[in-house]
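Structure first, commentary second.
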Amino acid sequence: MKKLLLILWLGVWLCPARAQDEIPSLEDMLDTGEQWLKDNIQDDVLQALPQLDRDKLKGYIDDLETRLQDPDVRGLAPWRQIATNALPVLEHYEETQPYAAWIRAHLDYFDVAEQFQRTAPVVEPGKTPSAPTPEFQRKAWQQQVQKRAVPKSAERYLPQLKTIFIAEKTPVELIWVAEVESGFDPAARSPSGAVGLFQLMPVTAKNLGLSTGWLRDERTNPEKNARAAAKYMNYLRQKFKNWPLALAAYNAGEGTVQKLLDKSKVKRFEAIAPRLPSETQLYVPKINATLMKREGVSLADLS
């Protein structure tokens, strides 16, 4: 019905001018509207138009956020096709483009989850699924990152980001966290509400002095977002004593990481990784692989 109304509206708007007393036929209007859609809208977007609904779209985003918080990485595998199909629709509409930017930066999470699902042992009923081993993650992310070119938008921001991170005494290599978080898109928005190059949550941003209001969200300002992120990374590094744990806290929240460390009486990321959200389990090794590709250093090499 929505698609029919859209076609009809386009037909009325686009039909050739006629005499004042001559009204275009319904068939003419439908033909004109249908042809314009075929000429100007991608097929996958066109097919999705009847299903586009604000409530359904919000439901999809909420479901994805819930799935990312589950510790079972293999559960992300089915979302690869879902995200791929939804991406053109999200990109087409201005109000959903920030979510599309975030999803683009996370498509390889689903790729790695698919790889793990294919190779992981079958889970017996009642038993906890195994998590990807550090060795699997290292190889999988190395393959993913190796074939990826530097995002075109990175060239615009890298010089400024380096200056900011140096000024904040944060390892300059961590500017590449912006590639992992947002693909260097300052408008990117996650399902959980994180915004900007380094995906700052509202509470975190406010604590760091940024406005997050609807009329003025400073998280979309690349310089302010980067400076706040650099400060926050330093704080987490001081609290957790190493970069893998600090970045796990950056992604999952410091409270989540601290509780797992206290409960397990451990001090290493690998020791708590299987109980972290699946996004975080994949996030830290992805950053490590990205630093190796872009800078030739690992998280362990950072001061």
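The values are calculated or read from the model by the stated rules, or taken from the named source; none is laboratory data. Keep in mind that this is a model prediction, so the values were computed, not measured. Neighbour counts run over all protein chains shown; Cβ positions are idealised from the backbone, glycine included.
A few points about this structure:
- Residue list for segment 118-140, filter: assigned to a helix (DSSP H, G or I) and either surrounded by fewer than 16 Cβ atoms within 10 Å (Cβ to Cβ) or not aliphatic (A, V, I, L, M) (or both): Arg118, Thr119, Pro134, Glu135, Phe136, Gln137, Arg138, Lys139
- Only listed residue being touching a residue at least 24 places away in the same chain (Cβ under 8 Å) and either hydroxyl-bearing (Ser, Thr, Tyr) or part of a helix (DSSP H, G or I) (or both), chosen from Gln143, Gln115: Gln115
- Answer from Ala289, Ala271, Ala246 - the residue that is of a type in the set (A, V, I, L, M) and within 25 Å of Ala149 (Cα to Cα): Ala289
- Segment 61-71, residues that are surrounded by fewer than 18 Cβ atoms within 10 Å (Cβ to Cβ) and touching a helix residue (DSSP H, G or I) at 6+ places or on another chain (Cβ under 8 Å): Gln69, Asp70, Pro71
One line per residue, one yes/no per condition, for (1) in contact (Cβ under 8 Å) with a residue 40 or more places away in the chain; (2) among the hydroxyl-bearing types (Ser, Thr, Tyr); (3) in contact with a helix residue (DSSP H, G or I) (Cβ under 6 Å, 6 or more places away or on another chain); (4) outside any loop (DSSP other than H, G, I, E, B):
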{"position": "Glu155", "(1), (2), (3), (4)": "no, no, no, yes"}
{"position": "Lys169", "(1), (2), (3), (4)": "yes, no, no, no"}
{"position": "Ile175", "(1), (2), (3), (4)": "yes, no, yes, yes"}
{"position": "Val180", "(1), (2), (3), (4)": "yes, no, yes, yes"}
{"position": "Phe184", "(1), (2), (3), (4)": "no, no, yes, no"}
{"position": "Pro191", "(1), (2), (3), (4)": "yes, no, yes, no"}
{"position": "Val203", "(1), (2), (3), (4)": "no, no, no, yes"}
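- Residues of segment 203-216 classified as surrounded by fewer than 17 Cβ atoms within 10 Å (Cβ to Cβ) and either of a type in the set (Gly, Ala, Ser) or at pLDDT 95 or above (or both), total: 6
This table checks each residue for (1) in contact with a strand residue (DSSP E or B) (Cβ under 8 Å, 6 or more places away or on another chain); (2) of a type in the set (D, E, K, R).
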position	(1), (2)
Asp62	no, yes
Asp72	no, yes
Val89	no, no
Gln97	no, no
Trp102	yes, no
Ala113	no, no
Lys127	no, yes
Ala140	no, no
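- Residue match in segment 254-264 (condition: in contact (Cβ under 8 Å) with a residue 12 or more places away in the chain, out of contact with any Asp or Glu (no Cβ under 7 Å at 6 or more places or on another chain), under 30 Å from Leu158 (Cα atoms) and β-branched (Val, Ile, Thr)): yes
- Taken over segment 78-95, the criterion of being more than 14 Å from the chain's Cα centre (by Cα) and crowded, with 18+ Cβ neighbours inside 10 Å is satisfied by Val89, His92.
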